[in-house]
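Undergrad: Quick one: the structure is below, and I'll ask about it shortly.
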């Protein structure tokens, strides 16, 4: 898992390299196109994704207690199990991807397309590959939940699955923090 | 674990020593006559990273409450062989998922309609692989 995440790091390093190379060759284009970005919107979206990492980790702590389901009422989140925390994480991740879709729609309406110029290509390549990774993570959450529902007794094997998916989710989250700093803060 | 910890302390010290030598060399004994920042910063960070690892391994060693197999001279190899997870002895599903993925990427290159044939193959084989030991005889 860790080795594969290492290869994923190299993949995103390549995307960052594309972005920085194109940025250094056409600074004027960057100054013009980054003005279209809605930074507060992206910041809110970033906070949603970062918070999903915390809820994911709360689910992992529940899995390490071998607690798959909540012991209290629905609103007593301190008694939640893996299932409740992963449902919440899934929802937050889905909100993030939805937010990305609306942001893309907005940028396209302002004539920044995938094939319009170097900025559009690098923007959609980096954030698009990240959004694909988030989507794969969402599917992985559903598969983990399916395993939890498939067994009568929650064992270490199911806990391991949840922990491995959480590694992936944290990785995707950290990559987004890097992308956010580079694309929206540094511009 | 003890040996690993010491190795990383030594490695970190070596990086910092090399860093000092490199900085002095670029200042006084090279054609630069100034600090060469790329190498200086890279070696300083390498040293700090090694110290991180040494510190982490040291804390882990202190927290495990005793000697691990890697520190015992009379331990056997399989004493330090942990439970790595559950692995299928054999399975047809990886073959099918590879076939589906091949169809998907072939479609990207040749014609998108092939991708749409590949997607359900991947979906079925992914779920088949993932739940192989959760159904039939293995349901629990």
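Just so it is clear, none of the values below were taken in a lab; they were calculated from the coordinates. Source: prediction; values computed, not measured. Please note: Cβ atoms are built from the backbone with ideal geometry, for glycine as well, and neighbour counts cover all protein chains shown.
Undergrad: 7 Å from Cα along Cα→Cβ at both residue B:3 and residue B:88: what's the point-to-point distance in nm?
TA: For residue B:3 paired with residue B:88, the spin-label model returns 3.8 nm.
Undergrad: In degrees between 0 and 90, to the nearest 10, how far off the longest principal axis of chain A does helix A:156-180 point, with axes built from Cα atoms?
TA: For helix A:156-180, the angle is close to 20 degrees.
Undergrad: When Cβ neighbours within 10 Å are restricted to other protein chains, what is their mean count per residue of peptide A:59-67?
TA: 0
Undergrad: Taking the beta-carbon count within 10 Å as an exposure proxy, list B:36, A:84 from fewest neighbours to most.
TA: The order, fewest Cβ neighbours first, is B:36, A:84.
Undergrad: Show that you can apply the helix-only estimate: for chain B, add -39,500 (n - 2.57) for every DSSP H stretch of four or more residues, divide by all residues, and state [θ] at 222 nm to the nearest 500. Walk me through the numbers before you get to the answer.
TA: Values: 4 runs with 90 residues, N = 140.
That comes out to -22500 deg cm²/dmol.
Undergrad: When the expected Rg is taken as 2.2 N^0.38 Å, what fraction or multiple of it is the alpha-carbon Rg of chain A?
TA: Expressed relative to 2.2 N^0.38 Å, the Cα Rg reads 1.16.
Undergrad: Additional query: Can you pull the mean other chain C-beta count within 10 Å for peptide B:119-130?
TA: Details: counts 0, 0, 0, 0, 1, 0, 0, 2, 4, 0, 0, 6.
Mean inter-chain Cβ contacts per residue within 10 Å come to 1.
Undergrad: Starting with the fewest neighbours, write out A:97, A:185 ranked by other beta-carbon atoms found within 10 Å of each beta-carbon.
TA: Ascending number of Cβ neighbours within 10 Å: A:185, A:97.
Undergrad: Could you give the length gained on full extension between residue B:102 and residue B:59, defined as 0.36 nm per residue of separation minus the Cα-Cα distance, in nm? Write down the numbers at each step before the final one.
TA: On the way: separation 43, 0.36 × 43 = 15.48 nm, distance 4.61 nm.
Gain in length upon complete extension: 10.9 nm.
Undergrad: Ranked highest first by the average count of other Cβ atoms within 10 Å around their residues, in what order do B:77-90, A:109-122 fall?
TA: A:109-122, B:77-90
Undergrad: Taking the Cβ-Cβ separation of residue B:135 and residue A:155 as r and a Förster radius of 25 Å, what is the calculated FRET efficiency to the nearest 0.05?
TA: 0.95
Undergrad: Would you work out the relative contact order for the range A:71-187, in percent, from Cα pairs under 8 angstrom that are 6 or more residues apart? Intermediate values should be presented prior to the final figure.
TA: On the way: 51 pairs, mean separation 27.8, N = 117.
Contact order relative to length: 24 percent.
Undergrad: Quick check on the exposure proxy: order A:51, A:7 from fewest to most C-beta atoms within 10 angstrom.
TA: A:7, A:51
Undergrad: Using the per-residue mean of other Cβ atoms lying within 10 Å as a proxy for protection, in what order, highest first, do the peptides A:141-150, A:171-180 fall?
TA: Ranked from most to least packed, the peptides come out as A:171-180, A:141-150.
Undergrad: If you average the alpha carbon positions of the range B:46-84 and of the range A:109-176, how far apart do those two centres end up, in angstrom?
TA: 32
Undergrad: Can you work out the FRET efficiency for the pair residue A:121 and residue A:47, with r the C-beta to C-beta distance and R0 = 35 Å, to the nearest 0.05? Please report the intermediate quantities before stating the final value.
TA: Working: r = 27 Å, r/R0 = 0.78.
Taking R0 as 35 Å, the efficiency between residue A:121 and residue A:47 is 0.80.
Undergrad: If you line up the long axis of helix A:2-25 against the longest principal axis of chain A, both from Cα atoms, how many degrees apart are they, to the nearest 10?
TA: Between helix and principal axis, roughly 20 degrees.
Undergrad: Over all directions, average the projected area of the Cα convex hull of the range A:20-111 and note it in nm².
TA: 8.0
Undergrad: Still on this model: Write down, largest first, the equivalent ellipsoid semi-axes of chain B in whole Å, where each equals the square root of 5 times an eigenvalue of the alpha-carbon gyration tensor.
TA: The three semi-axes for chain B are 49, 32, 10 Å.
Undergrad: Now, a different point. Quick one: the Cα spread of the range B:93-138 along its three principal axes, in angstroms, biggest first?
TA: Principal-axis extents of the range B:93-138 (Cα, largest first): 41, 14, 9 Å.
Undergrad: Can you tell me the orientation of helix A:118-150 relative to chain A, as the angle in degrees between its alpha-carbon axis and the longest Cα principal axis, to the nearest 10?
TA: Around 10 degrees separate the two axes.
Undergrad: For the protein assembly as shown, report the translational diffusion coefficient in µm²/s to the nearest whole number, using Stokes-Einstein at 37 °C, 0.692 mPa s, and a Kirkwood Rh over Cα pairs.
TA: 137
Undergrad: Averaging over all projection directions, find the projected area of the Cα convex hull of the range A:39-83 and quote it in nm² with one decimal place.
TA: Values: hull surface 13.6 nm².
The number I arrive at for the range A:39-83 is 3.4 nm².
Undergrad: Okay, next question. At 222 nm, what helix-only mean residue ellipticity would chain A give, in deg cm²/dmol to the nearest 500, using -39500 (n - 2.57) for each DSSP H run of four or more? Could the numbers behind the result be given before it?
TA: Values: 6 runs with 143 residues, N = 187.
Mean residue ellipticity, 222 nm, calculated: -27000 deg cm²/dmol.
Undergrad: Let me ask something else about it. Would you tell me the mean number of C-beta atoms belonging to other protein chains that fall within 10 Å of each C-beta in B:133-140, as a whole number?
TA: The per-residue average across the peptide is 3.
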